[in-house]
1. Pick from segment 24-48 the residues that are of a type outside the set (A, V, I, L, M) and in contact with a helix residue (DSSP H, G or I) (Cβ under 6 Å, 6 or more places away or on another chain): which of them is farthest from residue 65 (Cα to Cα)?
2. Residue check: is residue 64 closer than 13 Å to residue 32 by Cα and either part of a strand (DSSP E or B) or charged (D, E, K, R) (or both)?
3. Looking only at strands (runs of 3 or more DSSP E) that fall completely inside segment 77-139, which ones have 2 or more residues that are under 12 Å from the mean Cα position of the chain (by Cα) and buried (at least 18 other Cβ atoms within 10 Å of the Cβ)?
4. Taking residue 72 as meeting all but one of (1) more than 20 Å from residue 26 (Cβ to Cβ); (2) modelled with pLDDT of 95 or more; (3) not basic (Lys, Arg), write down the number of the exception.
Amino acid sequence: MRSFLIGLACFVAPWLPARAAPDSDPVLLQGLQAMESQTNSAQAACQIWYQDQPEQAAALQKRIYAASQDMGAVIGSEIVASERLSSRSERFFGVIYFERHPLWFSVERYVGREMGKDKPMFLPMRVAREPDDILPALAAEVHT
């Protein structure tokens, strides 16, 4: 009986999600796809995320380059979690996979107003080589 239960668990486990897939933002995903597919990936992604904020795009591009210059090429990315902060703000946590090391990030998407209409925008993105610098609450949840 015990071997039957172990076999059943091994058969069913691959179809069970480890955690619910986080909601995501299409512009955030578009930038991550640019990171994976373009030669000057950080520049392309930053221009997508901060298209109306060129200073913010340039500043983030410099931070990404400084943090990742010895990591190799981008080989993938994912959004690992999201949390709704308020009716107009949501925070996304993610990782950009390089050949030799991951780069972790968090960013808030805020829906402001411009000319009487809602306007979604990203606030400054934080990047770090260590997950605990970006995901302290999530890391605490996993370790307890």
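1. Of segment 24-48, the ones of a type outside the set (A, V, I, L, M) are 24-26, 30-31, 33, 36-41, 43, 46-47.
Right, trim to in contact with a helix residue (DSSP H, G or I) (Cβ under 6 Å, 6 or more places away or on another chain) and you get 30-31, 38, 41, 43, 46-47.
Details: 30: 19, 31: 15, 38: 15, 41: 10, 43: 9, 46: 11, 47: 14 Å.
The selected residue is 30.
2. No; evaluated as a whole, the condition is false for this residue.
3. On the way: elements: 89-98, 102-114, 117-122, 126-128.
Filter on segment 77-139 gives 89-98, 102-114.
4. Among (1) more than 20 Å from residue 26 (Cβ to Cβ); (2) modelled with pLDDT of 95 or more; (3) not basic (Lys, Arg), residue 72 violates only (2).
Residue-by-condition table, conditions (1) at pLDDT 95 or above; (2) over 28 Å from residue 136 (Cβ atoms); (3) out of contact with any Phe, Trp or Tyr (no Cβ under 8 Å at 6 or more places or on another chain):
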position	(1), (2), (3)
3	no, yes, yes
11	no, yes, yes
14	no, yes, yes
18	no, no, yes
21	no, no, yes
38	no, yes, yes
59	yes, no, yes
76	no, no, no
85	no, no, yes
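The values are calculated or read from the model by the stated rules, or taken from the named source; none is laboratory data. Predicted model only: the values in this text are computed from it and were never measured. Cβ sites come from the backbone with ideal geometry, for glycine too, and all protein chains shown count toward neighbours.
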